[in-house]
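To start, the structure itself, in structure tokens.
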Amino acid sequence: MVLILKNVKFEGPGTILDFLIDKKIPYKVVELGDGEYPMHLEDYDTVIMMGGPMAIYEMDMYPFLKKAESIINWAITSKKRILGICLGAQMIAHCFGARVYPGDKKEIGWYDIELTNEGLLDPCMRALAKHPQTGDVWKRFKVFHWHGDTFDLPKDAVRLASSNLYENQAFRIGESIYALQFHIEVNKELLTEWFKDDPSSQDVLREYDEIRTEYVGRANQFYCKFFEVNP
């Protein structure tokens, strides 16, 4: 069973949830930011932590992040499958002792990441890099970003991807812990909500419409490898 931790209502699991429903994988969504807390952690084999506008170093302002920290630490100790998206990736880095801090510049919008050599060999990242229509593996391709913070690479982590602005865009620890600074889960509903008061919304949504089939296809290929299910 998959446990999905949300920090704010408007940063939901998007295409992750679509995938779980399609593959009939049981899940539970917990609104940590609203004071919810999952019962019976032992029931879960996978923990996914989503993003949010708050920062890891603001735990005193957002006490629910301390609950998220305890759950991620439990999942690490219990050798569960873990996926962190954006703030979730920063939480994984933090739980492994790495520093999380404000970056020099915000990275918001559609920008390329480039896989490292290790990323090209990693089964999940290689699946993300594979174009769903042509089957070609792209070392460099476009993903959606929305973050201002970054993190140091944790000890024993394998860097999987970088961007022009930030060296640490994705990493893996062991065989089943993945951290993605970018958002592979976005769909049109999420982007519309995130940019509802932003003058750049039309450009962001137009670009999504242009690459939607490819983008969702890449994400689903990643999910298949991560959850170890057949396409």
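The values are calculated or read from the model by the stated rules, or taken from the named source; none is laboratory data. Note that the structure is predicted; figures quoted are calculated from it, not measured. Cβ coordinates were reconstructed from backbone atoms using ideal geometry, including for glycine residues, and neighbour counts include every protein chain displayed. Heads up: the accessible areas ignore ligands, DNA and RNA and are worked out on the full protein's heavy atoms, side chains in. Shrake-Rupley method; radii C 1.70, N 1.55, O 1.52, S 1.80 Å.
Here are the numbers for the structure shown:
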quantity: In region 160-193, the GluC sites (Glu not before Pro) that fall in loop regions by DSSP, at most 14 other Cβ within 10 Å; calculated: E167, E175
quantity: Entries in K80/K196; K23/K130; K6/K155; K130/K155; K6/K79; K105/K139 that, when Cα-Cα distance is taken, lie over 30 Å; calculated: K80/K196
quantity: Region 80-179 - Debye-derived log10 I(q)/I(0), Cα point model, q = 0.10 Å⁻¹; calculated: -0.25
quantity: Pairs of alpha carbons in region 138-216 whose separation is greater than 22 Å (percent); calculated: 35
quantity: Whole-number accessible area per residue in Å² for region 117-231, which is evaluated in the context of all protein chains at 1.4 Å; calculated: 48
quantity: In Å², nearest 10: area of Y27 left accessible to a 1.4 Å probe; calculated: 80
quantity: Percentage relative contact order, the chain, counting C-alpha pairs under 8 Å, at least six apart; calculated: 20
quantity: Stretch in the chain that is longest and holds no trypsin sites (Lys or Arg not before Pro) that DSSP places in a loop and that have at most 11 other beta carbons within 10 Å; calculated: 25-154
quantity: Sequence-distant residues sharing a close amide H with D149 (under 5 Å, placed H); calculated: G103
quantity: Residue-averaged [θ]222 nm for the chain, counting only DSSP H segments that reach four residues, each worth -39500 (n - 2.57); calculated: -10000 deg cm²/dmol
quantity: Estimated FRET transfer efficiency when R0 is 25 angstrom, pair E228-E189 (beta carbons, to 0.05); calculated: 0.35
quantity: Gaussian network model of the chain, springs between alpha carbon atoms under 10 Å - residue of P38, P123, P199 with greatest fluctuation; calculated: P199
quantity: Label assignment, Cα extents along the principal axes in Å derived from the structure, set (1) 43, 40, 34; (2) 48, 36, 32; (3) 47, 36, 36; calculated: (1)
quantity: Karplus-derived 3J(HN,Hα), 6.51/-1.76/1.60, for each residue of region 165-181, Hz, glycine and proline x; calculated: 8, 9, 5, 9, 9, 7, 8, 10, 10, x, 10, 9, 10, 10, 10, 10, 6
